[in-house]
Each structure stands twice: as structure tokens, then as C-alpha cells.
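Here the structure is laid out as C-alpha cells; the discussion comes afterwards.
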Amino acid sequence: MTYLTTVVPMSDLLPIHEISGKTKNLAVAEALKRFGANATLLNSKETVDGVSLVICEEDTRGVQADVLAASLKKPFPKIQETRITNNIECISRIMELVKSKKGINRMELSIGKSKGSGVFLGLMKMGFQYGFAKEIEAEVLSISADSNLDDALQYINSKLPLMENDIISQGGWISFMGPTGVGKTTTLSKIATLVSGVFGKDNIAIVTVDTYRIGAASQLREVADYIGIDFFICETPDELKVLTRTLSNKKLVLLDTAGKSQKDKLLHDQLKMFLSGDIKNLLVMHAGAQYDLLDSTIDAFSDNAIHGIIYSKLDEVSKIGEPIQAIYKHQIPVCYLSTGQNVPSDILAVKKSTLIEYAVGLSGVRTNKE
């Protein structure tokens, strides 16, 4: 199966909206008021302020998967629900809309009435995007008309890339890349603490080229001092060249970066040259980020080869369908899941079925194995 790449004309794109509310009932009521009975609920997720719904104004049954997928990729208007004093008033509004035949006849139910909808609905509950869920449903049903959610999950798992050997255990220079605020420094600290007993303290060093954030260097220095390993701050290519020679006897060097800065890229390019390209890059991303952001982040950092991905802050999310979908598309293996702030305990090495099992556990969907 190939990932959808069809170019869809703008005139064919569907009207998509994002509606935010304090509760799901309030957001649904707002959607009903604005768009009526033909609206389709495509996705919902919890937010800091409540809940966010992705709504299509039209009935999406029968719509081509590539059209819907393209519609979801374009920027769409964000609507804030009209403030209602309490949930009872919200329920009252919904009931009035239902009685007047302008109500919720498809908002919750139109996402999957066809054969195999258990597959589709299960994937949606796990956080996968509408177009992807439909594509997987169609694929497994084409293999067997009796396919269920377990079959779909096994199919997805079979297509996910797997890192055969733990990248850290291979040693060498390991770079931690990623946007600011995703937890690169904390993740590096966890891994350094964990592997210090494997390699030996004299064989490990931490290097940072992140001179922009004083706190990052301070945290890493404290970690290095606590473990008893060497720590270096590097600001220029000349310093880096000397450092690669100084650390040539180390079995493992963990490199903290500042993110997508021009200075950081220069130092990284220099490092590859001094090490004859022998550097492995791990991209750290927030597991709670939406698919489009994950997709664009991978593209933005791909000018330096990405050898593996670490998803951070899993303790802050309730679904990881979209992070799995991003891996499915880009075929870059996930090597670690960071599940909290505790160093070094809150980190999990990813094995063959780790991502799918974690996704099922977070979403609470019931599979046929249960």
C-alpha cells in the first residue's frame, strides 16, 4: 500500500472547521447550531482548555479518501463555542435541535456505518486521522472481508520500521535534534544515566552546542557531575575540531543541540566532517503534536539524516495515532518513548509491537484479543 500523494484541486476540498469548547457537549452544540444535520465529526481531542472537534460541514460518506485527506491538510477556520452558563443548558440546546430535525443525526454516527466500521472507528479512537483510518480499513478489508481491528493493527505494525539494534548500544557520536521545548535535554539525561553502567563512566561524555539556553547547559552539567562523566560546551567549529580529537577514546558521546538554528546546523555539519560522517542523529518530538506538525518537523530536520525518533512527553497525551501515522509515512524507526520527567526511569525502549500496544492502552479501545 502506498501513502496517499494524489494532488486534489482546491475546488474539490471540503469545508473543514475546528471547534473548541469547554466540554464535548458544548462543542457539539456549537457545531450543530452552525452546520446542522449534515455535519460530520471527523476527530476530537482533549486540549488544555477543554476539547477540540474537527468538523466537516458536509456528510463525508462516499467521499474519496484522498479528497478528505487533502481537505484535512489545508488550514481551516477555528471556532470558539458560544459561552453557555452550564452543561444542562447545553444539553437542552442539543435536544431542541434534535426535535427540530436540525440535530445530531450524523455528528457521532456517520463516521463509519459501512461494513468494517469497527476497524475504522477503532483507529479513529486511537487518534489516527480520518483519511488514514479509511485507507487502512479499505486495505485490510481487501485482504479479507472478515478483517477486524486486530487485523488492522497487525497490518499497521507490520509496516512500521523497526530498529534491530539499539542505536545507543552501538556507541559513537549520537546527536539529539528537535524543536525547542520537546524534551531533548531531559531525554539525553535519562539515556546518559542509564548507559553509564554499561559503557563505564570513563567511556562516556556529554557535549552541548546549545549555548542559547543557559538552563540546558546547566542541567546537563549537573547530570554529568552526578554520573561522574565528562561534560563539554562547544561554540565554534574550531572548538569542535579539537574536541573530536580529545574525545576520540570515548565509546559514546551524546550531543545536545539547540534545535533548528543556523549556528547549530553549521556545527553539526562541521562535526560530520571531522568524524567522517560517523554521527547518528536522533530526532526528539512531542508525542502530543498533531500529525501535520510532526510531518513538517521531520521534513525540516531531514537535511541531516535522521537515524531514529524519540517521542517525548507521553505522560501528557491520551492518544498516539498521529505519531504512529507519521512513522508509517516517513519510515524512520522509533527507538525510545519518554514517558515522564523522572531521570532515568521514565524512558522505554521500543520493540516490535511497543507502539501499537501503547496506543491501544492509552485509547482504551477494546480489541478482539481482550
Sequence-distant or interchain residues sharing an amide H contact under 5 Å with residue 231, placed H: which?
-> 206
Extension reserve of the residue 293-residue 33 stretch, reckoned as 0.36 nm per residue once the Cα distance is removed = 90.6 nm
Burial ranking of peptide ranges 185-193, 149-157 (average Cβ count within 10 Å, highest at the top) | 185-193, 149-157
Pulled fully out, how much extra length does the chain show between residue 233 and residue 45, if you take 0.36 nm times their separation in residues and subtract their Cα-Cα distance?
-> 63.6 nm
Of 339-345, 304-310, 226-232, ordering from highest average Cβ density within 10 Å down gives 304-310, 226-232, 339-345
Diffing segment 145-155: the Karplus 3J(HN,Hα) column from phi (6.51, -1.76, 1.60, θ = phi - 60°), in whole Hz with x for Gly and Pro, holds 5, 9, 4, 10, 4, 4, 4, 5, 5, 5, 5
Extension gain (nm, one decimal) between residue 315 and residue 366, 0.36 nm per residue minus Cα-Cα = 16.2 nm
Using the Karplus curve 6.51 cos²θ - 1.76 cosθ + 1.60 with θ = phi - 60°, work out ³J(HN,Hα) for each residue of segment 284-290 in order, rounded to whole Hz, and write x for Gly and Pro.
-> 9, 9, 6, 5, x, 6, 6
Put 10, 177 in order of accessible area, largest first, probe 1.4 Å, and you get 10, 177
Once you have the Kirkwood Rh of segment 130-169 from its Cα pairs, apply Stokes-Einstein at 10 °C and 1.306 mPa s and quote D in µm²/s.
-> 138
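The values are calculated or read from the model by the stated rules, or taken from the named source; none is laboratory data. Keep in mind that what you see is a predicted model, and the values were worked out from it rather than measured. A quick note on method: Cβ atoms are made from the backbone with ideal geometry, for glycine too, and the neighbour counts reach across all protein chains shown. Only protein heavy atoms, including side chains, enter the accessible area calculation; ligands, DNA and RNA are left aside. Shrake-Rupley method; radii C 1.70, N 1.55, O 1.52, S 1.80 Å.
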